[in-house]
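The values are calculated or read from the model by the stated rules, or taken from the named source; none is laboratory data. Remember, predicted model here, so these are calculated numbers, not experimental data. Glycine gets a Cβ as well: all are built from the backbone with ideal geometry, and neighbour counts include every protein chain shown.
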Amino acid sequence: MSTRIFILISVILLTALIGCERVNQVVQPEATTTPTETTLKIGVIQPSNTFTTFSQGAETARVQINENGGVLGMEIAFISRDNQPVASEPPTPEASVTAAKELIEMEDVFALLGPVYSSNSVEVGPIAQQAQRLMLPGSSGSNVPESGDYVFLITVPNPFQGKVMASFAMNPDELGAKTAATIIEEGDAYTIDLVHAFEAAFQGNGGEIVYSGAYTVGDTNFTALLTEIHEATPDVIFCPGFQPEVPSLINEARQIGITATFLGGSAWDDRERFLSILDDNSVLDTSYYPTNFSVATQDADVQEFVSGYTALFGSPPDGIAASGYDALRLLARAIEAAGSLDRVAVRDAFAAVNDYKGATTISHYDENRHPVKSLAIQKISGGQVEHYKVVEP
């Protein structure tokens, strides 16, 4: 009898357990089928050894946004990829494309910040466009957004930079130049675009381009190029390329007796590295270059960026950092305006940006997805960079 009772009790318990399990199977899925999104993943394409302040500026914005509750209640998380395979060489389009595909296909990031170089950005743009991911590069190439309506520039586009520097050079109250030489980096989309804009504006204002030349990445001897420029005797030399070549080129120019004023592009604003190439930066004195940001601007939004960046990284930000900061701030603003992560709605909200104030001020975006914004001209004096003036669009 006891055995039968034991078997009967066992059957009852087993039945009860199975019943509970069935209840769990019915009830539990209802509680977990609508998970709450708590993290907004943003991809960052950042060279490891150049223009590193871009991601640092973005990080400053990320910290500030997360401290204030995130975006639509979501905390922002960065997933980064390095697109500079060799530290002593520029980042490559191939590495940039690989980084973009990994971030989109494997990590499923919502948007991309970067790349920095225009020659990389023009290759990544079509990938972002096809995947409907907003791409906010640190580059200024006017053709970068041609990939489609998910690609927006953040920094001052090259056509405006070139026009401003040409007008500045020819202004009788500034340099009063009548002749100019221009130098590109062979095959580089950024310098080619910027020099083209400068030459068009300079000649359009009645100036004369007396020499156009080029150097190659990795060059350390510029004697042949500079000898021809010396013979052409330009008033100014527009050389908007990168370190380490440009500081070395200017140094050699002074050694052979060239006294023309050097003008650069926004690439010069990788100032920590730009000013680390020469033992004596005084040879760079009285050179000028444009940037979309000035640390001297006494505006509450600018100073919020400056203080936040300095607290995190121990030094004041540059124009490259400002682009990274504004890229994330603008993205967060567009998502909040859209009220969701609907890609089309966020893209439309981004295109509708107006009167934005952050590290820089953006009036609006034009039909080419170029920001309409002011430009600051910096001067190198005493081997250091100092603010010179602001030019409005």
(request) Any residue in region 77-95 that's of a type in the set (S, T, N, Q): show its pairings with residues that are in a loop (DSSP other than H, G, I, E, B) and surrounded by fewer than 18 Cβ atoms within 10 Å (Cβ to Cβ) at Cβ separation under 7 Å, as long as the two are six or more apart or on different chains. (result) Q84/S48; Q84/N49; T92/P85
(request) Those residues that are polar (S, T, N, Q), assigned to a loop (DSSP other than H, G, I, E, B) and surrounded by fewer than 17 Cβ atoms within 10 Å (Cβ to Cβ), I need them from region 212-249; list them, please. (result) T216, T220, N221, T233
(request) Could you figure out which of (1) surrounded by fewer than 22 Cβ atoms within 10 Å (Cβ to Cβ); (2) among the aliphatic types (A, V, I, L, M); (3) not in a strand (DSSP E or B) isn't true of I209? (result) (3)
(message) Just to check your reading of the model, which residue among I362, I377 is of a type in the set (A, V, I, L, M, F, W, C), part of a strand (DSSP E or B) and closer than 30 Å to L278 by Cβ?
(response) I377
(request) Name every residue in region 250-295 that is outside any loop (DSSP other than H, G, I, E, B), in contact with a Cys (Cβ under 8 Å, 6 or more places away or on another chain) and free of Cβ contacts under 8 Å to residues at least 60 places away in the same chain, in order of residue number. (result) I250, F262
(message) Taking the conditions exactly as written (in the same structural domain as P115 (by TED's automatic domain parsing), within 23 Å of V109 (Cα to Cα), assigned to a loop (DSSP other than H, G, I, E, B) and in contact with a helix residue (DSSP H, G or I) (Cβ under 9 Å, 6 or more places away or on another chain)), does R369 satisfy them or not?
(response) yes
(request) Identify, from the list I192, I184, the residue that is within 23 Å of the chain's Cα centre (by Cα), touching a residue at least 40 places away in the same chain (Cβ under 8 Å) and under 24 Å from S121 (Cα atoms). (result) I184
(request) Tell me, please, whether a residue that is more than 19 Å from V156 (Cβ to Cβ) and more than 18 Å from the chain's Cα centre (by Cα) can be found in region 349-361. (result) yes
(request) Working only within region 123-137, note down all residues that are out of contact with any strand residue (DSSP E or B) (no Cβ under 8 Å at 6 or more places or on another chain) and in contact (Cβ under 8 Å) with a residue 40 or more places away in the chain. (result) Q132
